[in-house]
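Since the structure comes first, as C-alpha cells, the remarks are kept for the end.
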C-alpha cells in the first residue's frame with residue numbers, strides 16, 4: 001500500500017505524515033482518540049495516513065462490512081489483515097491524507113469541532129475573541145488582536161499587536177504572528193514567524209519558516225474554479241476553491257514576496273525581495 005510520501009511533498013520531506021501535527025497534536029494521536037471514542041482500538045487496522053471520525057468507525061462496526069473507504073475508494077480502516085474491497089462502507093467524514101492540502105482539510109475538521117475554551121496564556125484586555133480559543137502556556141496575545149473563529153495557539157508564542165486571525169487556524173509553539181498580519185484558515189507549525197504586513201490564507205506553513213514583511217499569499221482564482229497544484233509533473237485538482245500555498249520547513253521569503261495559489265516551496269528554499277512565485281520552488 002502506498003504511503004503517499006511523494007504526493008505529500010514537501011511536507012513529507014522532513015517528517016512522517018503520521019507525525020504531522022494537526023491542531024498541535026500528531027496525526028497518530030488523533031487516530032488513537034478516534035479509535036478509543038468508537039471503542040474499536042483492538043478490532044480495526046487503519047491506513048497510516050487516515051483521518052478518522054469515530055462516527056464512521058461505529059457505523060463500520062454496526063453494518064458488519066469489513067472495509068471503510070473514503071470518497072476516492074481508498075481503504076481507511078478495515079477488519080482483518082488486509083482490506084476487503086468486495087464489501088465496503090463509504091465513509092461520510094473519514095479520508096486518507098494523500099496530498100498536502102488534505103492536512104489542511106483535517107485541521108479544519110479538528111479545529112472547527114472545538115467547543116470549549118482552554119486558555120493558559122495571557123490575553124490583553126483590548127484583544128477581541130469571537131470563537132473558541134485554545135491558548136498554550138507562556139503565549140501572549142497583545143493589544144489590537146482580533147480572533148474570529150476557532151483558533152489553536154501553542155506555547156510561548158507572541159501574537160500581535162494588531163493582527164487578525166480567522167477561520168479554523170492552528171499555530172504551533174514558539175511562533176510570532178505580528179503587526180498588521182492576517183492569517184486565515186491556516187495550519188502553521190512551530191517556530192514559524194510571520195512578523196508584519198503579510199497575508200496568509202488557506203495554507204500550510206512548516207516549521208521554522210520566516211515570511212519577510214509584506215509577503216502575500218493568493219488563495220482565489222479569478223474565475224472562481226478549484227485550484228490545481230503540481231504533483232509528479234501533473235496538475236491535480238485540489239477540490240478547493242480557496243487554497244493558498246504549501247511551505248516546507250526552514251523556508252525564508254524576501255520582503256514583498258507574492259505567491260500564486262497552489263504553489264509549493266520545498267524545505268530551506270527562499271525567495272528574493274519582490275519575487276513573484278509562479279511555479280513551485282523545488283529543492284536544489
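Taking each pair of different alpha-carbon atoms in the chain once, compute 1/r for the pair, average those values, and report the inverse of that mean as the Kirkwood hydrodynamic radius in Å to one decimal.
After inverting the pairwise mean of 1/r, the radius is 19.4 Å.
Calculate how steeply helix 54-63 sits against the longest principal axis of the alpha-carbon atoms of the chain, using the helix alpha-carbon long axis, and give the answer as 0 to 90 degrees to the nearest 10.
For helix 54-63, the angle is close to 10 degrees.
Per residue of the chain, what 222 nm ellipticity follows from adding -39500 (n - 2.57) for every DSSP H run with n ≥ 4, rounded to the nearest 500?
Taken over the chain, the calculation gives -4000 deg cm²/dmol.
Quick one: angle between helix 27-38 and the longest Cα principal axis of the chain, in degrees between 0 and 90, rounded to 10, please.
Helix 27-38 sits roughly 50 degrees off the main axis of the chain.
For the stretch 161-191 and the stretch 228-276, write down the distance between their C-alpha centroids in whole Å.
Here the answer is 18 Å between Cα centres.
Provide the packing ranking of 199-209, 110-120, i.e. peptides ordered by the mean count of other C-beta atoms within 10 Å per residue, highest first.
Answer by packing, highest mean first, reads 199-209, 110-120.
For the stretch 1-116, what does the alpha-carbon gyration tensor say about shape, rounded, prolate or oblate, given a ≥ b ≥ c as the root eigenvalues, a/c under 1.5 as rounded, and a/b over b/c as prolate?
Verdict is oblate for the stretch 1-116.
State, as an integer percentage, the relative contact order of the stretch 79-153 based on alpha-carbon contacts under 8 Å between residues 6 or more apart.
25
Find the relative contact order for the chain and round it to a whole percent, using C-alpha pairs within less than 8 Å whose residues are 6+ positions apart.
After rounding, I find 11 percent.
Against the longest alpha carbon principal axis of the chain, how many degrees, from 0 to 90 and to the nearest 10, is the axis of helix 100-112 turned?
So the helix axis and the longest Cα principal axis differ by about 90 degrees.
Sort 145, 76 by Cβ crowding within 10 Å, fewest neighbours at the top.
Lowest to highest Cβ neighbour count: 145, 76.
If I take every Cα pair under 8 Å that is 6 or more residues apart in the stretch 11-98, average their sequence separation and divide by the length, what percent do I get for the relative contact order?
Relative contact order comes out at 26 percent.
At 7 Å along the Cα-to-beta-carbon direction for both residue 137 and residue 270, put a label point, then send me their distance in nm to one decimal.
Result: 3.6 nm between the two label points.
Taking the stretch 210-256, how much of its Cα-Cα pair set, in percent, is spaced more than 14 angstrom apart?
60
At what distance in nm do the modelled label points of residue 81 and residue 130 sit from each other, each positioned 7 Å from its Cα along Cα→Cβ?
Going by the 7 Å Cα→Cβ label model, 5.7 nm.
Based on the Cβ-Cβ distance from residue 148 to residue 90, what FRET efficiency comes out when R0 is 30 Å, to the nearest 0.05?
The calculated FRET efficiency here is 0.30.
Write down the Å³ per residue value for the convex hull defined by the alpha carbon atoms of the stretch 118-277.
Looking at the stretch 118-277, the number lands at 99 Å³ per residue.
How far apart, in nm, are two points set 7 Å out from the Cα along the Cα-to-Cβ line at residue 15 and at residue 41?
Spacing of the two 7 Å Cα→Cβ label points: 2.4 nm.
Order of 243-250, 49-56, 229-236 by packing, highest average Cβ count within 10 Å first?
Result, highest mean Cβ count within 10 Å first: 243-250, 49-56, 229-236.
Give the shape of the stretch 221-284 as rounded, prolate or oblate, defined through the alpha-carbon gyration tensor: a ≥ b ≥ c are the square roots of its eigenvalues, a/c under 1.5 means rounded, and otherwise the shape is prolate if a/b is larger than b/c and oblate if not.
oblate
Does the stretch 71-173 come out rounded, prolate or oblate by the C-alpha gyration tensor, with a ≥ b ≥ c the root eigenvalues, rounded set by a/c under 1.5 and, if not, prolate when a/b is larger than b/c and oblate if not?
Cα axes put the stretch 71-173 in the prolate bin.
Let me check the size of the stretch 37-81 from its C-alpha atoms; what are the radius of gyration and Dmax in Å?
For the stretch 37-81, the Cα-based Rg and Dmax read 9.5, 26 Å.
Any read-out appearing in this document is the output of simple, stated calculations on the displayed coordinates, not a laboratory observation. Just so it is clear, the model here is predicted, and its values are computed rather than measured. Virtual Cβ from ideal backbone geometry, glycine too; neighbours counted across all protein chains shown.
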